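Below is one structure; the comments refer to it alone.
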Amino acid sequence: MIRNLVLFICSFFCTHNFFAQSVIKGKVSDKDSKETMPGVIVAAGSKNALTTVDGDFILVVAPGKQTFVGSLAGYKTFRKELDLKENDTLVLNIQLEVSNVMLDEVVISAGKYEQKLSDITVSMEVIKPDLLKNKACAQLDQIMGQVPGVYVTDGQVSIRGGSGYTYGAGSRVIMLVDEIPMMSADAGDIKFNYVPIENMEQVEVIKGASSALFGSSALSGVINMRTKYARNKPETQVTTMAGVYGDPDKESWNWWKARNKANPMYEGVTFSHAQKFGKLDLVIGGQYYNDAGYRDSVNEKRIRGNINLRYNFKKVPGLSAGINSTIMQYQGNLFFVWKDADHALQAGAGTLQNYNNIRNNFDPFVVYNSEKTGRHSLRGRYFLTLNSNHLGTINQSSRSELYYGEYQWQKRFKYNYNFTTGFVAMRQVVLSALYGNHFGANYAGYFQIDKKFFSRLTASFGARAEYYKLDTAQTHGGFFLVNAPKKANLPVQPVFRSGLNYQLFEHTFLRTSFGQGYRFPAVAEKYISTTVGPLGIFPNNSLQPEIGWSAEVGIKQGFKIGKFQAYLDVAGFVTHYYNMIDLLFKYDTVGKSQDINNSPNPVLELTKHVGFQFTNIGRANITGVDVSVNGEGKIGPVLLSILSGFTYTNPINPDFDPKKDTNGTVISSLLRYRNKTMVKNDAQITYKKILLGWSIRYNSVMQNIDNRFEKPLIYDILNPNTAFYYNPNLYVLPGLKQYRASHNNGVWINDLRIAFQATKYLKISFLVNNVLNKEFMSRPGLIEPPRTFVMQLAAKF
């Protein structure tokens, strides 16, 4: 009986799978560009597959009537009814048409796979390279300041008020290039001038905790820049620019006029070239930039080059391998502390720092796409940072190396399941006069499941287990919920995320999400030991990791006006941190009293022990609303594109005690170095060959900063009645209190641009940034540029 059953099963499968089969094969390409399209999902009956790098596919299906479907996010779905005969082979070459709906924009960062923007469960903004080029940006942070909900302070980025200012060390926002972290091993910061914007395909900005997928530093958001690959037609772009800084309205600030010098200028050239050579894809690019600086002696000169290589193996369909690399050498001077408010563009005594630095990364990768086993990717990075920095006679140099590896597996299953999992290993080596010598390691595993129900409801759930070690300090994890962390002593820190997206109407999408975050302190935060003018920056070996969570509810509504298409996105959010890390003032006089008392100048001796230290301040709670509008299309004969946003945040310390918390300039629970209200708008119209653009940014006043920037440095340390050398006029930033009192309102900054498409290949642009020549300060002591005039020539062929 068993023998007969086995024979029946074998006969059934042989009959139905080997002797009664049909084959569908062909190629998928883009209808407009004619480019072949990899990664397209093709399906017929119960069979499905992904197209190869060359756009090819093969499906072996049962004979009879079948519905063939070809789909890819961002394109209209192709459908064709087929009637297949037994043992027949049908060749089907199809062309997919780009969707005209902005909500069909394709993004990757939300789930590490291609999704429609309308389907994701988190808030995200998408920046195209045209906006960056049209605004003549020399580096990425110059366009980040135009993104709704994002604020950039002296190179440090904050999303929805998640961060204040911490002197260039650590970040709660992770910067990725093609999903690999671009964070230095020592400071754990983002160097925006290193990001290869010349090879930019698009930038995706996630707002909210994203540690489950992206790990440490993604505590309040993610910036992921996707680079372009070569297409069938070679493409070359060259952009040159030259800018001149106008005179500030305040005469005492105009240091170049006082010295009978010409207005300072900057200049730069950026290029990229992409081309296919058979199975080899090549993209090269680079930038030269020289900025004389509007602040006295603050300048920068850099040269950057990059190359992306990818080889697609013909004998193994779906297999590709390559290497991406960037190298940059940059040098110049900077200062943190101004001379005084009347000379705000000049450095305070002993605060001018010179640097001559090199950064270099090598990123090898192997990717394999298989119909049966899914997508496998293995990526690595070696990231070298050489900082040769000196503050006068003080050596602030460092060498850091980061070794990074990640394996990721992704598989699309039946019934609209997508499963992603991966493992990460990272090694840090820091050899530094600034931080000392330190060694770190990071290991993590993660997964995420995305499922679409009934064609309208998308659900997402993910988790990560992360282990971090820096010298002898290491992860001691525990589960934490919304109210408070649960004490435990796990060898890893688990974090979770979840989200829902429901399509209520054709262009109306409701969403909600919850995500946890975890960030281990950077080497710089724990071990930095240096001085800035009269201030010291002290190490803190006991600094602990910070954890947190964020949640939001939102709605995305698409709309059309003629051929103009846009979406309105409204989100309410809450973010909560535990063990939040902040830079706090302290005076380190323990064991130093004898030195101070015996010194001929106790004030001078005391300033060696006065400064700031990274400290765990406890809890922080940030609530708010974020609104954005993004759209493009024609209204009559005019092409209009807009990117607008309004963000209001209420960042508070829920444990504020006015008797103990006396570091701020205002007696309230408001967190320091935050702007509660931001308004952003960029609008551009194009008529025939003329382009006109207008950008506006509003930041409310930074109400709360550290009171040590307004009060005498040691006013509460030495008694003026007993200290002979007491100096009530010793300030870190002389005149700041008076300056802030007279500039106690928010500021509107306007930029204008006009461009002319001279030929098919050449565009000429003229820009005026800060048209009204407004004075504005992004952090204490840093005045942003006055009115600036820019000329740009952009060639594309």
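The values are calculated or read from the model by the stated rules, or taken from the named source; none is laboratory data. Just so it is clear, the model here is predicted, and its values are computed rather than measured. Ideal geometry is used to build each Cβ from the backbone, glycine not excepted, and the neighbour counts take in all protein chains shown. Side chains are part of the model used for accessible areas, which takes the heavy atoms of the whole protein and leaves out ligands, DNA and RNA. Shrake-Rupley method; radii C 1.70, N 1.55, O 1.52, S 1.80 Å.
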Please work out if ALA169 is within 30 Å of LEU434 (Cα to Cα) and not polar (S, T, N, Q).
yes
Can you tell me which residue among ASN750, ASN729 is closer than 30 Å to ASP342 by Cα and out of contact with any strand residue (DSSP E or B) (no Cβ under 6 Å at 6 or more places or on another chain)?
ASN729
Which of the residues that make up the range 251-284 are more than 35 Å from the chain's Cα centre (by Cα), of a type outside the set (A, V, I, L, M, F, W, C) and assigned to a loop (DSSP other than H, G, I, E, B)?
ARG259, ASN260, LYS261
Strands (runs of 3 or more DSSP E) (entirely within the range 594-694) containing at least 3 residues that are modelled with pLDDT of 95 or more, out of contact with any Phe, Trp or Tyr (no Cβ under 6 Å at 6 or more places or on another chain) and under 30 Å from PHE336 (Cβ atoms):
638-652
Residue in the range 559-566 that is among the β-branched types (Val, Ile, Thr) and either closer than 14 Å to SER220 by Cα or touching an Asp or Glu at 6+ places or on another chain (Cβ under 7 Å) (or both) present:
no
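Listed here are the residues, each with its yes/no results for (1) among the hydroxyl-bearing types (Ser, Thr, Tyr); (2) assigned to a loop (DSSP other than H, G, I, E, B); (3) modelled with pLDDT of 75 or more; (4) surrounded by fewer than 16 Cβ atoms within 10 Å (Cβ to Cβ).
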residue	(1), (2), (3), (4)
GLN703	no, yes, yes, no
TYR715	yes, yes, no, yes
ASN719	no, yes, no, yes
THR722	yes, yes, no, yes
TYR726	yes, yes, no, no
ASN729	no, yes, no, yes
VAL732	no, yes, yes, no
TYR739	yes, no, yes, no
Looking at (1) farther than 24 Å from ILE190 by Cβ; (2) open to solvent by 20 Å² or more (accessible area, probe 1.4 Å); (3) modelled with pLDDT of 95 or more, can you tell me which one ASN254 breaks?
(2)
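From the set of residues in the range 395-448 that are among the hydrophobic types (A, V, I, L, M, F, W, C) and not in a strand (DSSP E or B), which is most open to solvent (accessible area, probe 1.4 Å)? Full working, then the answer.
Of the residues in the range 395-448, the ones among the hydrophobic types (A, V, I, L, M, F, W, C) are 402, 409, 413, 419, 423-426, 429-431, 433-434, 439, 441, 444, 447.
Among the residues that remain, those that are also not in a strand (DSSP E or B) are: 433-434.
Working: ALA433: 63, LEU434: 21 Å².
Restricting to residues being among the hydrophobic types (A, V, I, L, M, F, W, C) and not in a strand (DSSP E or B), the top hit is ALA433.
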If we take the range 489-540, then strands (runs of 3 or more DSSP E) inside it with 1 or more residues that are under 30 Å from THR351 (Cα atoms) and touching a residue at least 40 places away in the same chain (Cβ under 8 Å) are 530-532, 535-538
Contact list please: Cβ distance under 7 Å, first residue in the range 72-97 and closer than 17 Å to GLY26 by Cα, second residue open to solvent by 90 Å² or more (accessible area, probe 1.4 Å) and hydrophobic (A, V, I, L, M, F, W, C), pairs at least six apart or on different chains.
none
Among the residues of the range 261-269, is any open to solvent by less than 50 Å² (accessible area, probe 1.4 Å) and farther than 28 Å from PHE766 by Cα?
no
All but one of (1) hydrophobic (A, V, I, L, M, F, W, C); (2) surrounded by fewer than 17 Cβ atoms within 10 Å (Cβ to Cβ); (3) modelled with pLDDT under 90 hold for PHE214; which doesn't?
(2)
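Hand me the list of strands (runs of 3 or more DSSP E) wholly inside the range 26-66 holding 3 or more residues that are of a type in the set (A, V, I, L, M) and either within 19 Å of TYR113 (Cβ to Cβ) or touching a residue at least 12 places away in the same chain (Cβ under 8 Å) (or both).
On the way: elements: 41-44, 47-50, 56-61.
Once the strands (runs of 3 or more DSSP E) in the range 26-66 are filtered for at least 3 residues that are of a type in the set (A, V, I, L, M) and either within 19 Å of TYR113 (Cβ to Cβ) or touching a residue at least 12 places away in the same chain (Cβ under 8 Å) (or both), what remains is 41-44, 56-61.
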Yes/no for ASN333 being under 24 Å from ASN387 (Cα atoms), open to solvent by 30 Å² or more (accessible area, probe 1.4 Å) and not β-branched (Val, Ile, Thr):
yes
